[in-house]
Amino acid sequence: MDYLHLDDLLNEEQRMIRDMVRQFVDREIMPIIGEYWLKGEFPMHLVPRMAELGLFGPTFEEEYGGQGLDYLSYGIIMRELERGDSGIRSFASVQSSLAMYSIYRFGSEDQKRKYLPRMARGELLGCFGLTEPDAGSDPGSMRTVARREGDTWVLHGTKMWITNGSVADVAVVWAKDAEGVIRGFLVEKGTPGFSTQDIHTKISLRASVTSELILDEVRVPEAQRLPHAEGLRAPLTVLNHGRYGVAWGALGAAEAALDEAIAYARERIQFGRPIASFQIIQQRLVDMLARLTGVQAIGYRVAQLMNEGKARYTHISLFKRQATRVALDVARAAREVLGANGITVEYHALRHAVNLESTLTYEGTYDIHTLILGRDITGFEAFS
Amino acid sequence: MRAIALVKKVPDTGIPLKVLPDGSDIDRSSLQYVMSPYDEYALEAALRLKDAGKLTELIALTVGDEGSEDVLRTALAKGADRAVRIQVENPDALDGLRTAERIAAWLKDQDVQVVFAGKEAVDDAAAQVHFYLAEFLGWPAVSYAVDCELDGDTLHLERETDRGEETVALPLPAIVAFDRARFEPRLPSLRGIMQAKRKPIDRVEPQGETRGAVVRVKVALPPAREAGTVTTSEFPQNVEELIAFLKEKKLI
Ligand SMILES: Cc1cc2nc3c(=O)[nH]c(=O)nc-3n(C[C@H](O)[C@H](O)[C@H](O)COP(=O)(O)OP(=O)(O)OC[C@H]3O[C@@H](n4cnc5c(N)ncnc54)[C@H](O)[C@@H]3O)c2cc1C
């Protein structure tokens, strides 16, 4: 649902990108997603397809495997992927915006050349390890440490809730050095002492791998440290970038849920009339439409600011905060319109709604973005 | 070896149609447009030959207005080397004969050995252009292809017809029109989409004789179907009811 014809603002090439991803989702994700979601499995066979289509790291320059794509196009890609499923979009987000972007932004030239083109081709998968069992919204309190021994760093600690953790070939791991400064490291799969454990008890984002990373005296050379990352700012900069895509993704899920609810309401007959002809249903649908349209407009404006290099992190916080909350509410309300059918994976609204619970929490919870915005407009910090 | 893929921009048939109040045309204001699906199969067949190194150049061609360049860009994004638009202001007013005339007038001066087309465009379903073109050029044409292979100067086609499957061979130059093929059309990649911007679209003035065209007089939606009769009784009573019903309507 694009009530204000915002997609008319897309240029020809952006429209083609939208149509391409939309067709990919319709053909290759929609027929299988319900089943994978129920099984609690990520459809791994889609990775080479997404790579072939160019969906990993598209904003980077060609020498790093990208296409120099603008941020509106990038947002549209994320929106269309999550029209399919949040787990698929999360995979693409983590690969592009968290793992690849960490290397792109804070890596050495050697690291960029070594990893980025192969990650764009889907030959190497990445993950981003910041959160810990006891450090979520407050990542500065992390306990994972990096001890320097000559030209080697010894990493010790545990990372939790890491998307793509066990399937990743390279993990971006954030740890504190002896001075308490947060630094980033590229830890390759198979490095002695590095292991992962998947979390199988999720009832959200089921078609996505979420893991614990265990770092037990893992030794990595200095050449695997991200040289330009120093302090908490570095992972926060990366997350800021990632959550721009999360917000666009949430719009896709909400649009899919609303479209589904409208179509269903027009077809479903009760009391001799389509349920869409009842005022309560109409009001529900219109509330969904109105709130969603507001966030779509925010998305387009933030995309412009991103392309002009004028987006502040607070703009992205506002977008992420609104998009995930509204999308969750819309998907939940859509589920209600679908009645009993709405609780199955044959329809999509509830799958989207429970997925969106994760998006509300990760890459900065709804509350944390409230505090970020609150600090910005009042000048008072209310985090602790 | 050089080939042409004919592509046409048509309304997406997945969207319900409305007719203008005066019945002169369908309401085009809320339509979305796509490349005609059979053209997509034909284009894919050509792209596969190109990937296999059997075509040196693949040109996408449409007869249309500026807006119809969308389908040319799509063809370029998927891998066509360049594109040609024969410029007409109101492509919808062209019938198959006039469209084919214009293509033939341009094509006769080109060094082209194969023309790929869809068996019909899904908007008017006239299925005429490729056969008129064959007539104007004096080339053989075969429709309902589902697969093809190029071997020297011969095009081998697999066809599926109501009578069964058939394999035919055509001497080049030739025209082939595709049905729903044995393979799926590819999606353009991001790289392809970005490169398409840099590939040329030649815009050429229409040439060729202009004969009288078929004119659309009126369009109307098919009458709404009446609700059917449902029997809820058990077997075998339901069969008896069905027989009685058919007899009553004098259908058996
Ligand atoms: C499916 C999934 C995938 C994830 N993938 C990754 C990943 O790839 N990499 C990674 O590093 N992390 C990942 N995470 C972790 C995610 O970023 C954290 O869950 C998130 O930062 C919140 O941390 P927490 O869960 O520890 O919650 P907490 O920080 O414990 O928060 C609990 C509640 O308290 C609220 N709260 C916390 N502090 C305040 C405050 N100061 N004022 C008011 N309210 C507050 C929060 O808003 C929340 O409602 C993922 C999480 C999920 C669910």
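The values are calculated or read from the model by the stated rules, or taken from the named source; none is laboratory data. Computed from a predicted model, the values in this text were never measured in an experiment. Note that we place each Cβ from the backbone using ideal geometry, even for glycine, and neighbour counts take in every protein chain shown. Note: accessible area is taken over every heavy atom of the protein model, side chains too, but ligands, DNA and RNA are not part of it. Shrake-Rupley method; radii C 1.70, N 1.55, O 1.52, S 1.80 Å.
For (1) open to solvent by 50 Å² or more (accessible area, probe 1.4 Å); (2) touching a helix residue (DSSP H, G or I) at 6+ places or on another chain (Cβ under 6 Å); (3) more than 9 Å from the ligand (Cβ to nearest atom); (4) not in a helix (DSSP H, G or I), each residue gets a yes or a no:
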site	(1), (2), (3), (4)
A:Val330	no, yes, yes, no
A:Glu336	yes, no, yes, no
A:Asn341	yes, no, yes, no
A:His352	no, yes, yes, no
A:Thr359	no, yes, no, no
A:Glu363	no, yes, no, yes
A:Ile372	no, yes, yes, no
A:Phe383	yes, yes, no, yes
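Please work out if A:Glu35 is assigned to a helix (DSSP H, G or I) and closer than 24 Å to B:Val71 by Cβ. Taking the combined requirement at face value, the residue does not satisfy it.
Considering every residue within the range A:100-119, establish whether at least one is among the polar types (S, T, N, Q), away from the ligand (no atom under 13 Å from the Cβ) and in contact (Cβ under 8 Å) with a residue 24 or more places away in the chain.
There is at least one residue in the range A:100-119 that is among the polar types (S, T, N, Q), away from the ligand (no atom under 13 Å from the Cβ) and in contact (Cβ under 8 Å) with a residue 24 or more places away in the chain.
Scanning the range B:216-233 turns up one or more residues that are within 14 Å of chain A (Cβ to nearest Cβ), without any contact (Cβ under 8 Å) to a residue 40 or more places away in the chain and loosely packed, with under 14 Cβ neighbours inside 10 Å.
Criterion first (under 17 Å from the mean Cα position of the chain (by Cα), touching a residue at least 24 places away in the same chain (Cβ under 8 Å) and near the ligand (Cβ under 8 Å from one of its atoms)) does A:Ser97 satisfy it? Answer is no for this residue.
The residues in the range B:195-252 that are on the phi > 0 side of the Ramachandran plot and touching an Asp or Glu at 6+ places or on another chain (Cβ under 7 Å) can be counted, and the count is 1. The single residue among A:Arg83, A:Arg22, A:Arg18, A:Arg49 that is surrounded by 24 or more Cβ atoms within 10 Å (Cβ to Cβ), within 20 Å of the chain's Cα centre (by Cα) and modelled with pLDDT of 95 or more turns out to be A:Arg83.
Scan the range B:161-192 for residues that are within 14 Å of another protein chain (Cβ to nearest Cβ) and not basic (Lys, Arg) and jot them down.
B:Phe183, B:Glu184, B:Pro185, B:Leu187, B:Pro188, B:Ser189, B:Leu190, B:Gly192, listed by residue number.
Residues considered: A:Arg206, A:Arg183, A:Arg219. Of these, the only one that is outside any loop (DSSP other than H, G, I, E, B) and crowded, with 19+ Cβ neighbours inside 10 Å is A:Arg183. Look at A:Ala265 and say whether it is in the same structural domain as A:Ala311 (by TED's automatic domain parsing) and under 29 Å from the mean Cα position of the chain (by Cα). When the stated conditions are applied, A:Ala265 does not pass them.
Matching residues to (1) open to solvent by 20 Å² or more (accessible area, probe 1.4 Å); (2) under 17 Å from the mean Cα position of the chain (by Cα):
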position	(1), (2)
A:Glu28	yes, no
A:Gly34	no, no
A:His45	yes, no
A:Pro58	no, yes
A:Glu63	yes, no
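Of all the listed residues (B:Gln195, B:Gln207), the sole one being within 14 Å of chain A (Cβ to nearest Cβ), in contact (Cβ under 8 Å) with a residue 40 or more places away in the chain and of a type in the set (S, T, N, Q) is B:Gln195. Suppose the filter is of a type in the set (D, E, K, R) and away from the ligand (no atom under 15 Å from the Cβ); does A:Glu188 pass it? Yes.
Give the range A:237-260 a look and list any residue that's of a type in the set (A, V, I, L, M, F, W, C) and either surrounded by fewer than 16 Cβ atoms within 10 Å (Cβ to Cβ) or more than 16 Å from the ligand (Cβ to nearest atom) (or both), or say none. Full working, then the answer.
Filtering the range A:237-260 for residues of a type in the set (A, V, I, L, M, F, W, C) gives A:238-239, A:246-248, A:250-251, A:253-254, A:256-258.
Selection gives A:Trp248, A:Leu251, A:Ala254, A:Ala256, A:Ala257, A:Leu258.
Taken over the range A:134-179, the criterion of being in a strand (DSSP E or B), within 27 Å of A:Pro48 (Cα to Cα) and away from the ligand (no atom under 11 Å from the Cβ) is satisfied by A:Val170 alone.
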